[in-house]
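For reference, the structure is listed below as structure tokens.
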Amino acid sequence: MSTNLSGPAADAGRSIAPPRVVDATAGPGADPDDISTLGPRSVRGPGSIVHGEIPSPAVTSLSILGEDGSIDASLDPGLPREELLRIHRGMVLTRVFDVRMLNMQRQGQMGTFAPGYGQEATQIGQVYHLTQADWFVPSYRSFGAQIWRGWEMERLFKLWAGYFEGFAPPPGLRDMPFSIVIGSHLLPAVGLAMGMQYQGDPGIVMANFGDGAMSQGAVAEAFNFAAVNKAPCVFCVENNGYAISMPVERQCAHEVLAQRGVGFGVPSIRADGNDVLAMIVAMREATERARAGGGPTLVEAVTYRVGVHTTADDPTVYRHDDELEEWKTRDPIARFEHYLKQNGHIDRAGIEAVVADCEAEVKAARERYDAERKANPFEVFDYMFEEMPPELQRQKDDYLARLERKGIS
Ligand SMILES: Cc1ncc(C[n+]2csc(CCOP(=O)(O)OP(=O)(O)O)c2C)c(N)n1
Ligand SMILES: [Mg+2]
């Protein structure tokens, strides 16, 4: 069992976690209209008042790898070499895919894309402990985690190029299509977790979102619902410093986003999101708690969006180069490579071979995508209504005539 990072006070005063499986015939609260099923009232009640300070549940700030690759041995998760190398490859593949996507977009070969350069450790770390029995409910900047989960890269090429087939998760994978509406996916994620709890499904749910999503009411509702019902889920807020051009300090008056979790009774951890081992240790605690019936955990991954918000954005108009340069020195891949090299797990030539291998993998996926894609410009008209209204049909016909005039079919 791992050390409890979310602090002893986080669970203070709580009774033992309820069983994961709720018996629909006898479980407390199974029928909301039948108060005889509600069981005895919690001993907590509204609480009594004595004068004095109320101790706040703790939030641990977790950092394991130094920027020079040094490690805090007391927190080392002790992963075997092959796992460390698998994690490294996952981060490199994420970056190679990212750079390829950006280049394709700049060449007019790709639609609008949301890069994740600099967030690779956060991405891989957050899904590292998930199994195929678990659900992943992501926001849009999650291609690294999606690839790790089993999304074929040609599917992601299609997705970002606007082909509707690209949005559908690979068959059999317990992943939701990503959400673009900020924070809106958290309530369905909690509902999914509660449904699994009710049905005795052993899986858990992991949902990610950005610092900007913390200002959405749905996120607060989701935290509360999950906490009260001890839903088997994990929340990962990727605090990358910005919501498009809005710096985090201009939308949250407090610095530590994880502290908001404890206000809802959700044990919370703040992890260095550019330190993949810190992410893995934080997520180990979070996923273990969810699996054991202990309810949700919030993990705040402190990272930085090195690139543009999307390819439609120009961050030079709202942030300073010196800030960017400082964060570049905290690169999550370089940091992990320092550690791997210092411990004899890989050398320079080995790293170059991983990069070449990932580049070949992305190129092969690009070739499959190129071979499969066939743009149908009329799809833009086809999915809005079950029966196309006459006005839309007229627009579609006009468009067809225009394409024919231009010799495009
Ligand atoms: C409900 C809603 N409001 C506004 C937008 C427009 N929008 C798209 S991305 C974004 C910023 C989100 O920032 P954050 O949650 O920090 O995620 P990040 O892009 O940094 O990963 C906004 C406001 C949206 N997609 N959904
Ligand atoms: Mg953000």
Subject >> Set G294, G241: member being under 18 Å from Q216 (Cα atoms), out of contact with any Gly (no Cβ under 6 Å at 6 or more places or on another chain) and not aliphatic (A, V, I, L, M) >> reply: G241
Subject >> Selection status of I280, under 18 Å from the mean Cα position of the chain (by Cα), over 18 Å from L192 (Cβ atoms) and within 12 Å of ligand 1 (Cβ to nearest atom) >> reply: no
**OP:** Please work out which residue is nearest to ligand 2 (Cβ to nearest atom), limiting yourself to the range 117-129 and to residues that are assigned to a loop (DSSP other than H, G, I, E, B) and open to solvent by less than 10 Å² (accessible area, probe 1.4 Å).
**Re:** Q119
Original post:
Inside the range 251-269, can you point out the residues that are within 21 Å of R289 (Cβ to Cβ), within 16 Å of ligand 2 (Cβ to nearest atom) and part of a loop (DSSP other than H, G, I, E, B)?
Top reply: V256, L257
**OP:** Only one of these is open to solvent by 10 Å² or more (accessible area, probe 1.4 Å) and either closer than 24 Å to A121 by Cα or within 16 Å of ligand 2 (Cβ to nearest atom) (or both): V219, V248, V205. Name it.
**Re:** V248
**OP:** Output the number of the condition that V59 fails; it satisfies all remaining conditions of (1) without any contact (Cβ under 8 Å) to a residue 60 or more places away in the chain; (2) more than 30 Å from I351 (Cα to Cα); (3) surrounded by 10 or more Cβ atoms within 10 Å (Cβ to Cβ).
**Re:** (1)
Original post:
Applying the selection to the range 54-86, what residues are of a type in the set (K, R) and modelled with pLDDT under 95?
Top reply: none
**OP:** Please state which one of A193, A207 is more than 23 Å from R366 (Cα to Cα) and out of contact with any Phe, Trp or Tyr (no Cβ under 7 Å at 6 or more places or on another chain).
**Re:** A193
Subject >> Residue satisfying all of: in the range 62-72; in contact with a Phe, Trp or Tyr (Cβ under 7 Å, 6 or more places away or on another chain) and under 13 Å from R330 (Cα atoms); surrounded by the most Cβ atoms within 10 Å (Cβ to Cβ) among these >> reply: L65
Subject >> Which numbered condition G166 fails, given (1) more than 14 Å from ligand 2 (Cβ to nearest atom); (2) closer than 21 Å to Q126 by Cα; (3) of a type outside the set (S, T, N, Q); (4) open to solvent by less than 20 Å² (accessible area, probe 1.4 Å) >> reply: (2)
**OP:** Inspect all residues belonging to the range 371-386 and state whether any of them is under 24 Å from K158 (Cβ atoms), open to solvent by 100 Å² or more (accessible area, probe 1.4 Å) and in contact with an Asp or Glu (Cβ under 6 Å, 6 or more places away or on another chain).
**Re:** no
Subject >> the range 380-409 - residue that is assigned to a loop (DSSP other than H, G, I, E, B) and of a type in the set (S, T, Y) and, of those, nearest to F97 (Cα to Cα) >> reply: Y383
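To keep it simple, each residue is scored yes or no on (1) aromatic (F, W, Y); (2) in contact (Cβ under 8 Å) with a residue 40 or more places away in the chain; (3) surrounded by 13 or more Cβ atoms within 10 Å (Cβ to Cβ).
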position	(1), (2), (3)
R330	no, yes, yes
K341	no, yes, yes
V354	no, yes, yes
Y399	yes, no, yes
I408	no, no, no
Original post:
Considering the range 222-245 alone, what residues qualify as being within 11 Å of ligand 2 (Cβ to nearest atom) and of a type outside the set (D, E)?
Top reply: V237, N239, N240, G241, Y242, A243, I244, S245
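The values are calculated or read from the model by the stated rules, or taken from the named source; none is laboratory data. This one's a predicted model, so the numbers in the text were calculated from it and none came from an experiment. A quick note on method: Cβ atoms are made from the backbone with ideal geometry, for glycine too, and the neighbour counts reach across all protein chains shown. Ligands, DNA and RNA are excluded from the accessible area calculation, which covers all protein heavy atoms including side chains. Shrake-Rupley method; radii C 1.70, N 1.55, O 1.52, S 1.80 Å.
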